[in-house]
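Here the structure is laid out as structure tokens; the discussion comes afterwards.
The values are calculated or read from the model by the stated rules, or taken from the named source; none is laboratory data. If you're wondering where the values come from, they're calculated on a predicted model, not measured in any experiment. Backbone-built Cβ (ideal geometry, glycine too); neighbour counts: all protein chains shown. For the accessible areas, the whole protein counts, side chains as well, though only heavy atoms, and no ligand, DNA or RNA atoms are used. Shrake-Rupley method; radii C 1.70, N 1.55, O 1.52, S 1.80 Å.
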Amino acid sequence: MKKFYVYFLFFCMLMATPSDFTSVSEVFMGSEEGRYYTVISEILNPGSYYVYKKNTYLAAYKNDNSLIYKRILKQEDMVLDDDAKESKNSVRKLRNKGVLENLLKKDIDLSITYFGNNSEYEMRDDGIYENFPEEDKESVKIFSKEEIDKKIKEICNKNYCGENIEYSNEELEITAGYYNRQNSFYIIKTDFDIISINFIMRKNR
């Protein structure tokens, strides 16, 4: 009976413990001639209700979506108490404190307009296409599979997402985006296994 109780208690502990989970999200900040800027947030839950890690970065990209730099802004080791409130054990380390202030002093274009996903997008084996079912137009490839894979690897730290990132066509979609005078910035989402990633890709208008 005692052995059964131990097994039952162990089973309950397994059921109560959440799985490891990684979330990476990217928010558009602004653009200037030849580049654009985003803020990247990485959250790693190691399988606990009470502990997680979070890193925040400022990233700059060329117009072809290749990374120029990714500078850490803040590192956080979060510990939550039993009431799910932030405890005094939480540790924050600020890095590159002046990088955001310096960026905002530059003449970057902040005049962006949000657009919802009113078009029909399709992820194929070789990339993302925009379809025009109500117009007599052929589908247009927006981004290649190689471009998408490269961007995911650049924003998702291998310590958070692992060495190999595999997703199916059904697990990737364009949800919305932004545009300004010259560019369109698409918000792309993919969820697979225990990883959720939201990232931004630029295209000429």
*Note down all Cβ pairs under 7 Å where the first residue falls in region 76-100 and is at positive phi, the second is part of a strand (DSSP E or B) and at pLDDT 75 or above, and they're at least six residues apart or on different chains.*
96/71; 96/72; 96/73
*If the Cβ limit is 6 Å and pairs must be 6+ apart or interchain, which residue in region 159-185 that is among the β-branched types (Val, Ile, Thr) pairs with which residue that is at pLDDT 85 or above?*
165/152; 174/121; 174/186; 174/188; 175/187; 175/189
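Quickly run through region 189-205 and pick out the residues that are open to solvent by 30 Å² or more (accessible area, probe 1.4 Å) and among the polar types (S, T, N, Q). Write out each step before concluding.
Applying the first criterion (open to solvent by 30 Å² or more (accessible area, probe 1.4 Å)) to region 189-205 yields 189, 191, 193-194, 198, 203-205.
Answer for region 189-205, where residues must be open to solvent by 30 Å² or more (accessible area, probe 1.4 Å) and among the polar types (S, T, N, Q): 198, 204.
Can you give me the number of residues within region 103-126 that are part of a helix (DSSP H, G or I) and exposed (fewer than 10 other Cβ atoms within 10 Å of the Cβ)?
Looking only at that region, the number is 1.
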*Looking at 129, 178, 186, which is the one that is surrounded by 15 or more Cβ atoms within 10 Å (Cβ to Cβ), farther than 21 Å from residue 61 by Cβ and among the aromatic types (Phe, Trp, Tyr)?*
129
